[in-house]
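Data first, discussion second: the structure below is written as structure tokens.
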Amino acid sequence: MTTYKIEAGTGQHIGNRPMQNDRVALLSGARAPGYVLALLSDGIAGPGGSDQVLHTARQVFDEFKPGDRPSPERLGQLLRDIVTETHMVIKMNAMMAGASEQAEVHASFVGLVLGPHGEAVWGHVGDSRLYHFKDGKCLARTNDAAYVQHLMSSDRLPEEAAKNHRKSKLLLNVMGNSRKEPFVTIGSHDGLAPGDVFLLASDGLWHFFTDAELAAATARATPRQASEMLINKAGERSQGKGGNCSMAIVKLVKPAQDGLAGKLARTV
């Protein structure tokens with residue numbers, strides 16, 4: 001079995017917005033030794049939704065008991081549970097507060113679970129992204145393709161209408177939408193090894209970079225160095241007009257001689 005050490009870090013910048021609505025975290029499970037959960041959420045109409053994502057994720061992950069070797073489907077269900085419970089709480093809070101349509105709280109979600117057996121499972125809702133890089137090349141990136149197909153099949157929408165879902169409150173894929181349940185897209189990869197890198201990014205970051213640029217930046221540097229460089233470059237390219245910019249970088253590297261495989265090294 002290939003062993004590796006996990007180096008992980010987060011980075012954020014408020015951009016030109018009055019407040020930071022993004023939330024990002026790296027978590028270990030209380031009952032799941034060897035498992036790591038990275039997550040990022042972009043709050044819409046304030047940080048209430050993204051705060052709830054973090055709160056719910058901590059609770060759900062702390063209660064997670066993986067057993068001997070959970071399937072990718074079970075790890076995917078863990079991410080779906082975080083989304084479902086967050087969505088329910090946001091809607092319940094809005095009903096209790098009597099929130100108006102204009103004040104409706106929404107949030108995106110992207111989460112990544114890494115297990116001790118070389119497995120990775122991720123899920124996303126909305127326009128925050130996850131990238132999987134390997135030795136400086138982009139192997140996978142979350143997108144809206146599955147959600148567009150879902151709208152076309154479940155709602156019988158024509159393709160163009162489904163592709164324009166961000167322009168419709170009725171079709172918007174976020175947690176907290178009182179008109180539509182969130183649709184979670186799940187992806188996975190088995191056989192993790194040194195050289196694998198995962199990037200979770202809000203639209204205030206990924207909007208300003210190509211896949212190749214992000215792959216190169218995360219391959220060359222430590223997570224902390226890469227996050228600082230990307231935030232600075234995003235600020236330059238936005239010409240001071242960018243929004244909240246947030247990321248989590250999870251990088252697998254060869255273990256040191258002491259063999260501390262799977263150790264989580266956090267840098268913020």
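The values are calculated or read from the model by the stated rules, or taken from the named source; none is laboratory data. What you see is a predicted model; the values in this text were computed from it and never measured. Here the Cβ positions follow ideal geometry from the backbone for every residue, glycine too, while neighbour counts run over all protein chains shown.
Looking at (1) without any contact (Cβ under 8 Å) to a residue 60 or more places away in the chain; (2) over 17 Å from residue 127 (Cβ atoms); (3) among the hydroxyl-bearing types (Ser, Thr, Tyr), which is the one condition that is false for residue 50?
Against the list (1) without any contact (Cβ under 8 Å) to a residue 60 or more places away in the chain; (2) over 17 Å from residue 127 (Cβ atoms); (3) among the hydroxyl-bearing types (Ser, Thr, Tyr), residue 50 comes up short only on (2).
Looking only at region 12-29, filter to residues that are closer than 17 Å to residue 129 by Cβ and among the charged types (D, E, K, R); which one of those is surrounded by the most Cβ atoms within 10 Å (Cβ to Cβ)?
Top of the filtered list is 22.
Listed here are the residues, each with its yes/no results for (1) of a type in the set (S, T, N, Q); (2) farther than 21 Å from residue 61 by Cα; (3) touching a strand residue (DSSP E or B) at 6+ places or on another chain (Cβ under 6 Å).
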{"residue": "110", "(1), (2), (3)": "no, no, yes"}
{"residue": "115", "(1), (2), (3)": "no, no, yes"}
{"residue": "125", "(1), (2), (3)": "no, no, yes"}
{"residue": "141", "(1), (2), (3)": "no, yes, yes"}
{"residue": "144", "(1), (2), (3)": "no, yes, no"}
{"residue": "161", "(1), (2), (3)": "no, yes, no"}
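Here are 26, 39: which of them is modelled with pLDDT of 95 or more, out of contact with any helix residue (DSSP H, G or I) (no Cβ under 7 Å at 6 or more places or on another chain) and closer than 15 Å to residue 201 by Cα?
26
Pairs only if they're at least six apart or on different chains, beta carbon under 8 angstrom, first in region 12-34 and closer than 17 Å to residue 62 by Cα and of a type in the set (S, T, N, Q), second in a strand (DSSP E or B) and modelled with pLDDT of 95 or more; list them, first residue then second.
Every condition considered, the pairs that remain are 28/35; 28/36; 28/37.
Quick test of your reading of the structure: residue 57 fulfils all but one of (1) in contact with a helix residue (DSSP H, G or I) (Cβ under 9 Å, 6 or more places away or on another chain); (2) in contact (Cβ under 8 Å) with a residue 12 or more places away in the chain; (3) within 25 Å of residue 191 (Cβ to Cβ). Name the failing condition by number.
Residue 57 satisfies every listed condition except (3).
Which residue pairs have Cβ atoms under 6 Å apart, sit 6 or more places apart or on different chains, and have a first residue in region 83-112 that is under 28 Å from residue 248 (Cα atoms) and hydroxyl-bearing (Ser, Thr, Tyr) and a second that is assigned to a helix (DSSP H, G or I) and modelled with pLDDT of 95 or more?
Here the result reads 86/52; 86/53; 86/56, each pair linking region 83-112 to a residue that is assigned to a helix (DSSP H, G or I) and modelled with pLDDT of 95 or more.
For region 168-260, give me every one of the helices (runs of 4 or more DSSP H) that falls completely inside it and has 1 or more residues that are surrounded by fewer than 15 Cβ atoms within 10 Å (Cβ to Cβ) and of a type outside the set (Phe, Trp, Tyr).
211-220, 223-238
Do you know which of the residues in region 153-164 that are of a type outside the set (Lys, Arg) and assigned to a helix (DSSP H, G or I) is surrounded by the most Cβ atoms within 10 Å (Cβ to Cβ)?
Here the answer is 162.
Are there any strands (runs of 3 or more DSSP E) wholly within region 74-152 with 3 or more residues that are in contact with a Gly (Cβ under 7 Å, 6 or more places away or on another chain), among the hydroxyl-bearing types (Ser, Thr, Tyr) and at pLDDT 95 or above, and if so which?
Filter on region 74-152 gives an empty set.
Is it the case that residue 172 is out of contact with any Asp or Glu (no Cβ under 9 Å at 6 or more places or on another chain) and of a type outside the set (S, T, N, Q)?
Yes; evaluated as a whole, the condition is true for this residue.
Any chance you could count how many residues in region 42-55 are within 19 Å of residue 206 (Cα to Cα) and either surrounded by 23 or more Cβ atoms within 10 Å (Cβ to Cβ) or at pLDDT 95 or above (or both)?
Residues flagged as within 19 Å of residue 206 (Cα to Cα) and either surrounded by 23 or more Cβ atoms within 10 Å (Cβ to Cβ) or at pLDDT 95 or above (or both) within region 42-55 amount to 3.
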